[in-house]
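Q: Have a look at this one before I ask anything.
Only the coordinates and a few stated rules stand behind these numbers; no lab work does. Note that the structure is a prediction, hence the values are computed from the model and not measured. Backbone-built Cβ (ideal geometry, glycine too); neighbour counts: all protein chains shown.
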Amino acid sequence: MPAPDTQRQEMLDLARRWRDSGMTCRAFARDAGVTPWVLYYWRQQVAGEDRPARRRRPRRVSLARVRVVPDGDAERVDVEIQLANGDRVRCADGVSVETLRRVVQVLRTAC
């Protein structure tokens with residue numbers, strides 16, 4: 001009994017030979033010693049393998065400008081998030097990680 005990978009390859013080759021033969025499924029199946037349904041199944045498998053892999057469209061990302069403010073030029077701001085629409089979220093020194101996490105989570109769902 002052939003290995004599963006070998007048997008799979010043989011069946012894929014059989015379906016390709018049927019596709020290229022121009023014969024009806026019933027006649028080719030009879031000559032090959034298989035049922036027509038076997039050929040139909042493996043024809044679908046061949047179609048899946050011969051089809052080029054689908055490419056996922058890259059997600060469009062809009063970048064925001066980043067401006068570095070030197071110390072003393074503005075009030076103490078450790079993190080500033082500027083949204084695509086121009087709104088800004090400023091987080092002062094000492095903001096908790098949990099609060100910042102909640103703000104970012106709300107911005108992701110709202111924007």
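Q: By counting other Cβ atoms within 10 Å of each Cβ, how are Asp5, Asp13 ranked from fewest to most? Don't jump to the answer; show the numbers that get you there.
A: Numbers: Asp5 8, Asp13 12.
So the ranking, lowest neighbour count to highest, is Asp5, Asp13.
Q: State, as an integer percentage, the relative contact order of the range 4-50 based on alpha-carbon contacts under 8 Å between residues 6 or more apart.
A: On the way: 23 pairs, mean separation 20.9, N = 47.
Relative contact order for the range 4-50 comes out at 44 percent.
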